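Structure, as structure tokens:
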Amino acid sequence: MITLKNLEKVYQTDEIETVALNNINLAINKGEFVSVMGPSGCGKSTLLNMMGLLDIPTNGIVEIDEVEINGWKDKKLARFRNHKLGFIFQSFHLINDLPVLDNVELPLLYRNGVSGKERKRRAQEALGKVGLSARTKHYPGQLSGGQKQRVAIARAIVGQPDIILADEPTGNLDSKMGMEIMEILENLNKEENTTVIMVTHDEKLAKRTNRIIHLFDGMQVN
């Protein structure tokens, strides 16, 4: 589903060159649940951004579903992301001025041919999968941290993506809420065969995934 070949990412300023990723070669199969671990600053989020097409590699190749992405223009990348990928972030990234249902609908606003009625139907279905059917009219400020992350997951899956990329999805939650979020991701992976790649510092959660990728100083060490 995702293949990275000789991937490198270098951030350059006037005086400093920082190698964020160095010669990453990695293949993630359809339906896998993979976790990425390593110390702070080792390149975990950069790796996720490369797989999510949110950043461009300095060198190397990114393939998703056997399609080589290198050299694509921004609009084409955005359309591909919108159809293939769903994103979950540690800090939720919900819009506080919009009710829950509208937050979940957002990715579908950029899909041609999806009517307003269909957007609402899909958003309600996604909220049902994360146990928040009764919260459609609430605003993010009225929700707990765990509920906000459930909304973020519903938003990530509303477009029925093949791949979910989760960057520390339990990082702002207590252990009980974190485990509930993990169970939702596991269900999506098992029941819908969604490929999940999760950056985490929590070794207990990582051990529940199919495979752990370890990074250190921008390099894969396993």
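Summary of computed values
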item	result
Neighbours by Cβ (under 7 Å, 6+ apart or cross-chain): first from region 66-82, without any contact (Cβ under 8 Å) to a residue 12 or more places away in the chain; second surrounded by 12 or more Cβ atoms within 10 Å (Cβ to Cβ)	Glu68/Ile61
Residue that is farthest from Leu127 (Cα to Cα) [pool: residues in region 151-192 that are polar (S, T, N, Q) and open to solvent by 30 Å² or more (accessible area, probe 1.4 Å)]	Ser175
Residues of region 69-124 that turn out to be of a type in the set (S, T, N, Q) and under 25 Å from Gly141 (Cα atoms), as a count	5
Filtered residue count, region 112-135, keeping only those that are in a loop (DSSP other than H, G, I, E, B), open to solvent by 30 Å² or more (accessible area, probe 1.4 Å) and under 22 Å from Asn187 (Cα atoms)	1
Single residue of Val130, Val100 found to be out of contact with any Asp or Glu (no Cβ under 6 Å at 6 or more places or on another chain), at pLDDT 95 or above and among the β-branched types (Val, Ile, Thr)	Val100
Set Met50, Met37: member being under 24 Å from Gln160 (Cβ atoms) and aliphatic (A, V, I, L, M)	Met50
From Arg155, Arg122, residue being of a type in the set (D, E, K, R), within 22 Å of Tyr110 (Cα to Cα) and without any contact (Cβ under 8 Å) to a residue 40 or more places away in the chain	Arg122
Test result for Gln142, surrounded by fewer than 15 Cβ atoms within 10 Å (Cβ to Cβ) and more than 30 Å from Leu47 (Cβ to Cβ)	yes
Which numbered condition Leu109 misses (of (1) under 29 Å from Val62 (Cα atoms); (2) in contact with a Lys or Arg (Cβ under 8 Å, 6 or more places away or on another chain); (3) open to solvent by less than 40 Å² (accessible area, probe 1.4 Å); (4) not hydroxyl-bearing (Ser, Thr, Tyr))	(3)
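The values are calculated or read from the model by the stated rules, or taken from the named source; none is laboratory data. Since the model is a prediction, treat every value here as computed from it, not as a measurement. Reconstructed Cβ throughout: ideal geometry from the backbone, glycine too, with neighbour counts over all protein chains shown. In case anyone asks, the SASA skips ligands and DNA or RNA and just uses the protein heavy atoms, side chains included. Shrake-Rupley method; radii C 1.70, N 1.55, O 1.52, S 1.80 Å.
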